[in-house]
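Asks: Below is the structure I would like to discuss, written out as structure tokens.
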Amino acid sequence: LENLTKEEIDDGENIYLKHLSYKGAKYRYKEITNEIEERIELELQTIAKSGYPGYFLIVQDFVAQAKKMNVAVGPGRGSAAGSIIAYCTGITNIDPLKYELLFERFLNPERVSLPDIDIDFDDDGRGRIIDWVVNKYGKENVAQIITYGSMAAKSAIRDTARVLNLPLHEADRIAKLVPDFTSLKKIFSWDDKKLKKNIKSDQLADAKALIELAEGDDLLAETINQARKLEGSIRNVGTHACGVIITPEPLIDLIPIANAKDSELLVTQFDNDVVEKAGLLKMDFLGLRNLTIIKDCVKILKALRNVELDID
């Protein structure tokens, strides 16, 4: 593999995805009609042009593995259910031809950003699948995605008040003057006309009181004015609920990374949008409690009534 050119690898991915698609089509449809073949070929061409076959191959790989490991997998979520390639390769379980679903909603030549294929796993099995992916692709090639929490207006006031030793009851009082769904930046940039237009009438007096307090020369005014500067700053970091990055070479050679606080996995220092703009492959592993409930119901039916229920 190390001696292959990128063109040869891309060509190999296209050929292998085509092979899996037609193999799956024979299983799904028994007879491959002209309509089915035309749809498969159209989708394969679009996927190849977008450089997406590797993504499909990896997703179908871990979905197939989940089923082998008896992890419940959802039938398909969002626009990916419109793909016959996803259906034939076992990624989704909904026939797009039967339900007249459009592939173009998922992927088309005009689409600027590549779409995600969101995969639901039962919430008990999600971790097992991620462990399998780490084991297969290498710990240094798999990472979760960081999230950045920023200071909103009220938290900026409360944090500033704590540092400036403003009493807690005073901090609460001025934080509660901030109208809902707005920011300090907006409040202090609007004139009277815009304040009346954008703020609910019952909160208008509070907004004006806040502006008046900020014009003083005491600790209250300093707290509000320092909070205005801090608003929007990064306050804390977390981990994206479902996004996982998989790369063909060690992540440390591609992007800045860090250790996650609550997991042994690496975590990117780029957040979701930047990771995608950097051209990295993002997978969505969603843990769904509903699938666990369904799976448990099937087990209970088997145990109590000896009924074998096929959810599909």
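The values are calculated or read from the model by the stated rules, or taken from the named source; none is laboratory data. These numbers were taken from a predicted model, which means no experiment stands behind them. Because the Cβ atoms are built from the backbone with ideal geometry, glycine has one as well, and the counts that use them run over all protein chains shown. For the accessible areas, the whole protein counts, side chains as well, though only heavy atoms, and no ligand, DNA or RNA atoms are used. Shrake-Rupley method; radii C 1.70, N 1.55, O 1.52, S 1.80 Å.
Asks: Enumerate the helices in the chain for which the Kyte-Doolittle hydropathy averages -1.0 or more and the C-alpha atoms extend at least 15 Å along the helix's axis, using complete DSSP H runs.
Replies: Working: long enough: 6-29 (34 Å, -1.36); 34-49 (22 Å, -0.67); 53-68 (23 Å, 0.27); 126-137 (17 Å, -0.42); 153-163 (16 Å, -0.35); 201-214 (21 Å, 0.31); 219-230 (16 Å, -0.01); 289-305 (23 Å, 0.29).
Span-like helices, by this rule, are 34-49, 53-68, 126-137, 153-163, 201-214, 219-230, 289-305.
Asks: Which of 265, 291, 275 sits closest to the plus end of the dipole of region 250-312, meaning its Cα is farthest towards the positive end, when Lys and Arg get +1 and Asp and Glu get -1 on the C-beta?
Replies: 291
Asks: Okay, next question. Which value, in debye to the nearest 20, describes the size of the charge dipole of the chain about its Cα centre when Lys and Arg Cβ atoms bear +1, Asp and Glu Cβ atoms bear -1, and nothing else is charged? Walk me through the intermediate numbers first.
Replies: Numbers: 42 positive and 51 negative charges, 178 e Å.
In debye, rounded to 20, the chain gives about 860.
Asks: Calculate, for region 77-162, the solvent-accessible area per residue in square angstrom, rolling a 1.4 angstrom probe over the heavy atoms of the protein chains. Please list the in-between numbers first.
Replies: On the way: 3920 Å² over 86 residues.
About 46 Å² of surface per residue is accessible.
Asks: In addition: With no solvent and one equal point scatterer per Cα, compute the Debye intensity ratio I(q)/I(0) for region 103-172 at 0.11, 0.13, 0.15 Å⁻¹ and report its log10, rounded to two decimals.
Replies: -0.66, -0.75, -0.79
Asks: Relative contact order for region 251-312: what is it in percent, counting Cα pairs under 8 Å that are at least 6 residues apart? Mind showing how you got there, number by number?
Replies: Values: 30 pairs, mean separation 9.4, N = 62.
Taking the mean separation of contacting Cα pairs over the length of region 251-312, I get 15 percent.
Asks: Now, a different point. Over region 41-182, what number does the Rg to Rh ratio reach, with both radii from the alpha-carbon atoms and Rh per Kirkwood? Please list the in-between numbers first.
Replies: Details: Rg = 22.8 Å, Rh = 18.8 Å.
Over the Cα atoms of region 41-182, Rg/Rh equals 1.21.
Asks: Of 65, 32, 51, which is farthest on the positive side of the dipole of region 1-76, counting Cα position, with +1 on Lys and Arg Cβ, -1 on Asp and Glu Cβ, and the Cα centre as origin?
Replies: Of the candidates, 65 comes out farthest on the positive side.
Asks: Now for a different question. Please give the per residue volume of the convex hull enclosing the alpha carbon atoms of the chain, rounded to a whole number of Å³.
Replies: Value for the chain: 222 Å³ per residue.
Asks: At 222 nm, what value in deg cm²/dmol follows for the chain if DSSP H runs of at least 4 each add -39500 (n - 2.57) and the sum is divided by all its residues, to the nearest 500?
Replies: Working: 13 runs with 154 residues, N = 312.
Estimated from H runs of four or more residues: -15500 deg cm²/dmol.
Asks: Given the Cα-Cα distance of residue 48 and residue 95 and 0.36 nm per residue of separation, how much length would full extension add, in nm?
Replies: Values: separation 47, 0.36 × 47 = 16.92 nm, distance 2.16 nm.
The residue 48-residue 95 span can extend by a further 14.8 nm.
Asks: Now a separate question. May I ask you to give the average projected area over all directions of the convex hull of the Cα atoms of region 201-299, in nm² rounded to one decimal?
Replies: On the way: hull surface 52.4 nm².
Reported value for the Cα convex hull: 13.1 nm².
Asks: Find the centroid of the Cα atoms in region 118-190 and in region 193-269, then give the distance between the two in whole Å.
Replies: Value for the Cα centre distance between the two parts: 7 Å.
Asks: Ignoring everything but the protein chains, give the 1.4 Å probe accessible area of residue 228 in square angstrom, nearest 10.
Replies: 100 Å²
Asks: On to the next question. Return the subset of 30/295; 185/229; 6/26; 67/261; 6/49 for which the Cα-Cα distance in this structure is over 20 Å, preserving the input order. Intermediate values should be presented prior to the final figure.
Replies: Values: 30/295 29 Å; 185/229 9 Å; 6/26 31 Å; 67/261 30 Å; 6/49 14 Å.
Distance filter (> 20 Å) returns 30/295; 6/26; 67/261.
Asks: OK, next. Express the relative contact order of the chain as a whole percentage, based on alpha carbon pairs under 8 Å and six or more residues apart in sequence.
Replies: Across the chain, relative contact order equals 21 percent.
Asks: Now for a different question. Using the beta-carbon distance between residue 186 and residue 41 and R0 = 51 Å, what value does 1/(1 + (r/R0)^6) give for FRET efficiency, to the nearest 0.05?
Replies: Details: r = 52 Å, r/R0 = 1.02.
My answer for the efficiency is 0.45.
Asks: Dividing the Cα radius of gyration by the Kirkwood radius, what Rg/Rh value follows for region 126-256? Don't skip to the answer; put the middle values down first.
Replies: On the way: Rg = 21.6 Å, Rh = 17.7 Å.
Using only Cα positions, Rg/Rh for region 126-256 is 1.22.
Asks: I'd like the carbon and sulfur percentage of the solvent accessible area for the chain, probe radius 1.4 Å, heavy atoms only, ligands and nucleic acids excluded. Write out the running numbers ahead of the final one.
Replies: On the way: 9360 of 18410 Å².
Here carbon and sulfur together make up 51 percent of the probe-accessible area.
Asks: Could you tell me what percent of the DSSP beta bridges with both partners in the chain are antiparallel, to the nearest 5?
Replies: Working: 16 of 23 bridges.
Percent antiparallel among DSSP bridges in the chain is about 70.
Asks: While we're here: So how far apart, in nm, are the two label points at residue 10 and residue 310 if each is 7 Å from Cα heading toward Cβ?
Replies: A separation of 4.1 nm, rounded to one decimal place.
Asks: Direction-averaged shadow area of the convex hull around the Cα atoms of region 165-238, nm²?
Replies: 5.8 nm²
Asks: So, one more: From Cα pairs below 8 angstrom and at least 6 apart in sequence, can you work out the relative contact order of region 138-274, rounded to a whole percent?
Replies: Values: 186 pairs, mean separation 64.2, N = 137.
Computed over region 138-274, the figure is 47 percent.
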